[in-house]
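Novice: Quick one: the structure is below, questions incoming.
The values are calculated or read from the model by the stated rules, or taken from the named source; none is laboratory data. As the structure is a computational prediction, the values presented were derived from the model and not from experiment. Side chains are part of the model used for accessible areas, which takes the heavy atoms of the whole protein and leaves out ligands, DNA and RNA. Shrake-Rupley method; radii C 1.70, N 1.55, O 1.52, S 1.80 Å.
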Amino acid sequence: MIRFEGVSYSYPDCHRVLDEVDLQIEEGTFTAIIGDNGSGKSTLVRHMNGLLTPSKGSVSLCGLDTLDPANLWQVRQLVGMVFQDPHSQAVGVTVEEDVAFGPENLALERDEIRSRVSGSILDVGLEGLEEQLLMNLSGGQLQKTAIAGVLAMRPEVLVFDEITSMLDHDSRSQVLDIVSKLNRMGKTIVYVTHHMEEVLVADRVILMEEGSVAFDGSPEAVFRELYSSGHSIPPLMELALRLQDAGILDANVLPLSSDELKEELCRSM
């Protein structure tokens with residue numbers, strides 16, 4: 001669905017941010033992207049809907065080359081993006097107005113707009129808050145509104161760029177639950193995060209380092225790699241791996257949740 005072939009990108013100051021990236025995102029998958037600040041995560045995903053285009057190489061969406069200006073409208077219909085700061089995407093006064101903005105600009109029939117708006121608001125759990133002013137929303141509610149606004153455009157791919165970084169723990173959990181639900185509904189998800197425990201819900205994790213793909217695999221495989229190379233990982237994962245090293249847990253099974261860890265400990269006793 002999304003293909004990067006030899007993609008490099010340099011900003012006007014000549015600093016290269018992406019370096020010969022080859023990557024493919026398959027339809028219906030949930031891909032998490034992690035890496036330190038400056039590793040190229042956000043630059044990478046901004047290539048997915050043509051906000052940025054390669055200095056070298058190519059990016060294609062369903063066969064549409066983003067370097068061709070004639071394809072950009074269709075590419076941006078295919079890929080919806082939600083950013084870190086929901087204020088940057090807010091355009092309405094109320095929740096309903098904000099979610100309706102995109103469909104209205106597509107010149108859709110009024111009934112279709114209403115259907116998309118109500119369905120998207122329901123998908124993110126904001127029903128009953130349609131008339132609520134954006135200025136009165138919590139950070140989590142505002143981020144849900146931003147997600148609903150993108151959903152109302154009916155994209156095939158949803159790209160989330162560190163959308164929980166400004167939220168408290170409860171709001172982060174709620175937003176991540178929404179993203180997981182959207183994947184179960186068939187949406188292709190690309191999820192950039194610096195909260196490493198959030199990647200446990202993904203099918204695949206890509207680790208970016210200095211503009212290149214340093215590792216690409218399952219959450220389990222990535223955590224093993226990071227642990228063995230001395231990187232910091234979530235405490236639960238570190239505990240499980242230490243227990244494996246001590247011979248207490250089966251070395252072939254890495255628990256990815258506290259419940260799984262309890263089950264494995266019970267089996268080992």
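Novice: Sorted from largest down, give the three principal axis spans of the alpha carbons of segment 19-159, whole angstrom values.
Specialist: Largest to smallest, the principal-axis extents are 47, 36, 24 Å.
Novice: What do you get when you divide the Cα radius of gyration of segment 1-51 by 2.2 N^0.38 Å, with N the number of residues?
Specialist: On the way: Rg = 11.5 Å, N = 51, 2.2 N^0.38 = 9.8 Å.
Expressed relative to 2.2 N^0.38 Å, the Cα Rg reads 1.17.
Novice: Could you quote the convex hull projected area for segment 118-258, Cα atoms only and averaged over all directions, in nm²? Show your work: numbers first, answer last.
Specialist: Values: hull surface 40.6 nm².
The orientation-averaged projected area of the Cα hull of segment 118-258 comes to 10.1 nm².
Novice: I'm spelling it out carefully: the read-out is Cα extents along the principal axes in Å, the candidates are [x] 66, 50, 33; [y] 63, 46, 30; [z] 60, 47, 33, and one was derived from this structure. Which label?
Specialist: Matching the structure shown: [y].
Novice: I want to verify the translational diffusion coefficient of segment 44-92 in µm²/s; compute it with Stokes-Einstein, Rh as the Kirkwood radius over Cα pairs, at 25 °C and 0.890 mPa s. Let's see the in-between values first.
Specialist: Numbers: Rh = 11.6 Å.
Stokes-Einstein gives a translational diffusion coefficient of 211 µm²/s.
Novice: How much area per residue is accessible in the chain when the probe is 1.4 Å and only protein heavy atoms are counted (Å²)?
Specialist: 48
Novice: Could you work out the relative contact order of the chain? I mean the mean sequence separation of Cα pairs under 8 Å and 6+ apart, divided by the number of residues, in percent. Could the numbers behind the result be given before it?
Specialist: Working: 475 pairs, mean separation 58.7, N = 269.
About 22 percent, as a whole number.
Novice: Let me ask something else. Calculate how steeply helix 235-245 sits against the longest principal axis of the alpha-carbon atoms of the chain, using the helix alpha-carbon long axis, and give the answer as 0 to 90 degrees to the nearest 10.
Specialist: Approximately 30 degrees, to the nearest 10.
Novice: If you don't mind, there's one more thing I want to ask. Can you work out ³J(HN,Hα) from phi for every residue in segment 251-260, in order, using Karplus 6.51 cos²θ - 1.76 cosθ + 1.60 and θ = phi - 60°, giving whole Hz and x for Gly and Pro?
Specialist: 5, 9, 10, 9, x, 10, 8, 5, 5, 5
Novice: In the structure displayed, which of K56/K144; K56/K187; K41/K262 lie more than 32 Å apart, Cα to Cα?
Specialist: Values: K56/K144 35 Å; K56/K187 29 Å; K41/K262 34 Å.
From K56/K144; K56/K187; K41/K262, over 32 Å: K56/K144; K41/K262.
Novice: Shifting gears a bit: Roughly how tilted is helix 110-123, in degrees to the nearest 10 and between 0 and 90, from the longest Cα axis of the chain?
Specialist: Helix 110-123 sits roughly 20 degrees off the main axis of the chain.
Novice: How large, in percent, is the carbon and sulfur part of the accessible surface of segment 16-65 at a probe radius of 1.4 Å?
Specialist: 39
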